[in-house]
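The values are calculated or read from the model by the stated rules, or taken from the named source; none is laboratory data. The shown structure was predicted, so the numbers you read here are calculated from the model rather than taken from an experiment. Here the Cβ positions follow ideal geometry from the backbone for every residue, glycine too, while neighbour counts run over all protein chains shown. We work out accessible area using only protein heavy atoms, side chains counted, and drop any ligands, DNA or RNA first. Shrake-Rupley method; radii C 1.70, N 1.55, O 1.52, S 1.80 Å.
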Amino acid sequence: MNAKTAIYNDKLKHLGKTLKYSLYVIFHPFDGFWDLIHEKRGSLGAATVIFIMVILTQIWTWTYSSFPFYFPQWEYFNLFMQVLPTIVLFFIWCIANWSLTTLMDGKGKLSHIYMASAYALTPYVLIKIPLIFLTYVITLEEMAYYTVFDNICIAWCVILMIAAMMMIHDYTIGKALFSSFLTIVAMMIIIFLVVMFFSLITQSFGYFVALYKEIAFRLY
């Protein structure tokens, strides 16, 4: 075994170890998120794998859930546009939270926020994938079971996200909730500014195209 293979195997083992640690985090959020950052028991690689799994889980939910539970209009279904909001919102959350907590004596770096936020989404993957199979077992009359587990999934992720903000920024629960609320407000402001910016760019581009056509028409 050469040195490169040994290094590659070590990286794979570390990735597997940090991925496995996500199972500890979701059941012991306070100790888990503290050790995730301060004891370096997490990794950006594992966080990225978890986030990719979240995206894939969404795709599988749309494409493989049984007919009564999910039936998109495939002629209008754009997979990229369906996935894009999740990706954009996640990264805007990380940036907005980092920007605000920097002003609120938060201890977490941007990489810490990204890592902890991704780890907090672990229940989404663990619950939503079995729910896909559940749609082939239960009937529409039993949809309450599906809804209950779906709500548990969302609530669990929210609780973990708040715990993550508490541990990585060294906040009290009140300050973590307040900073999370401000982060959501900041996200809406960022989205508004980005949409307005691209709207202005589009209008400016349209103006110059119309101007070019008018000049070309008069000259030729």
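The table for this structure:
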quantity	calculated
Semi-axis lengths (Å, descending) of the ellipsoid that matches the C-alpha gyration tensor of the chain	36, 27, 21
Trypsin sites (Lys or Arg not before Pro) within the range 69-156: DSSP coil, no more than 16 neighbouring Cβ in 10 Å	LYS107, LYS109
Neighbour cut-off at most 13 other Cβ (10 Å), DSSP loop, trypsin sites (Lys or Arg not before Pro), the range 9-103	LYS40
Accessible surface ranking that places the most exposed of HIS38, HIS169 first, with a 1.4 angstrom probe	HIS38, HIS169
Estimated vicinal HN-Hα couplings, Hz - the range 82-90 in sequence order (Karplus 6.51, -1.76, 1.60; Gly, Pro = x)	6, 7, 3, x, 4, 5, 5, 4, 4
Share of carbon and sulfur in the accessible heavy-atom surface of the chain [1.4 Å probe, %]	73
For the chain, size of Cβ-based charge dipole, Lys and Arg +1, Asp and Glu -1, in debye	740
Out-of-range pairs (alpha-carbon distance over 27 Å; input LYS13/LYS175; LYS4/LYS40; LYS17/LYS128; LYS4/LYS128; LYS20/LYS175)	LYS13/LYS175; LYS4/LYS128; LYS20/LYS175
Computed over the range 148-220, Kirkwood Rh from alpha-carbon pairs, angstrom	16.3
Å² of accessible area per residue within the range 1-127, as computed with a 1.4 Å probe and no ligands counted	59
Stretch gain in nm, segment ALA210-ILE152, where the contour uses 0.36 nm per residue and the Cα spacing is subtracted	15.6 nm
Angle in degrees between helix 110-119 and the longest Cα principal axis of the chain, rounded to the nearest 10	70
Extreme residue, positive dipole direction of the chain, given options MET166, LEU103, ASN9 (C-beta unit charges)	ASN9
